[in-house]
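S.K.: First, the structure itself, so that you have it in front of you.
Every read-out reported here was derived from the displayed coordinates using simple, explicitly stated rules and does not represent laboratory data. Nothing here was measured: the structure is a model prediction, and the numbers come from that model. Please note: Cβ atoms are built from the backbone with ideal geometry, for glycine as well, and neighbour counts cover all protein chains shown.
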């Protein structure tokens with residue numbers, strides 16, 4: 001009531017003041033109406049509108065099992081804690097190895113170091129507890145140190161073997177993939193569409209790299225940059241050569257179909273040469289099992305029955321008593 005009375009008195013008793021206040025209020029409303037909206041206000045509005053809608057990411061997360069939603073992030077957090085305790089001298093080289101291995105388990109370099117530290121500490125603790133019960137503390141300490149060293153090195157050796165297997169898989173799949181790329185491009189498909197078609201046809205390490213390259217290109221990365229990143233991740237010499245030739249042909253304006261056809265022919269020739277090389281190495285590789293496993297057993301079978309007579313003849317020559325009953 002007091003506010004209404006004040007407005008009434010201001011209107012009838014202080015008309016100039018009321019008019020001035022109304023003019024100021026009108027100017028303020030015009031300024032608020034026509035002022036440019038800042039990017040912060042736009043961002044806040046977009047965030048509020050997005051928050052009002054259903055959270056698609058949350059729905060996708062809730063479809064996963066409790067192991068993927070709870071225990072896997074918890075395990076990665078533990079690995080990161082242990083990874084901070086490990087050496088970080090070669091973390092970049094380790095990251096390249098993990099990329100070449102296809103990121104097993106979604107691990108990054110820090111997670112892998114944490115895995116090494118966790119396995120080393122677990123083995124060292126188990127060996128120390130076992131040996132201190134049966135042997136002295138000094139023997140337990142040096143055996144635990146050896147176990148910790150093995151626990152730290154074994155994951156790295158496993159990672160190197162996984163990298164080698166993945167590179168061999170990519171090397172074997174490359175000629176067929178290039179043949180299909182050539183057919184797709186010559187049929188009228190774009191280069192990225194031909195890569196997508198190859199990825200739909202097969203599911204291996206090379207096609208997964210193709211799909212990742214196409215995704216990066218569609219997200220705005222230049223095609224040559226995406227191709228170079230793919231070659232750097234894989235680390236296969238043949239694929240690196242193919243990417244270099246393809247980038248150079250794109251820069252020079254050479255037909256991609258002609259380049260793909262030439263590279264596919266060369267990859268088939270190299271695959272045949274690798275097969276011939278492995279066939280020639282088979283004879284050398286068979287020497288070791290023959291000498292260590294087959295020849296001793298064969299000598300026992302052939303010379304076994306005649307050994308007693310041979311020993312009897314030798315004993316007669318040297319005047320020794322007979323060894324036969």
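S.K.: Based on the Cβ-Cβ distance from residue 154 to residue 288, what FRET efficiency comes out when R0 is 25 Å, to the nearest 0.05?
M.R.: 0.45
S.K.: Taking R0 as 25 Å, what FRET efficiency do you get between residue 278 and residue 165 from their Cβ-Cβ distance, rounded to the nearest 0.05?
M.R.: Taking R0 as 25 Å, the efficiency between residue 278 and residue 165 is 0.95.
S.K.: Which length gain, in nm to one decimal place, applies between residue 271 and residue 302 when the Cα-Cα distance is subtracted from 0.36 nm times their residue separation?
M.R.: 6.8 nm
S.K.: So, one more: Which of rounded, prolate or oblate describes region 167-267 when judged by the alpha-carbon gyration tensor and an a/c cut-off of 1.5?
M.R.: Verdict is rounded for region 167-267.
S.K.: Calculate, in nm to one decimal, what residue 172 and residue 223 gain on full extension: separation in residues at 0.36 nm each, minus their alpha carbon distance. It would help to have the intermediate numbers written out before the result.
M.R.: Numbers: separation 51, 0.36 × 51 = 18.36 nm, distance 2.42 nm.
Answer, rounded to one decimal: 15.9 nm.
S.K.: Rounded to the nearest 0.05, what FRET efficiency do residue 103 and residue 250 give with R0 = 35 Å and r taken as the Cβ-Cβ distance? Could you check?
M.R.: Here the calculated transfer efficiency is 0.80.
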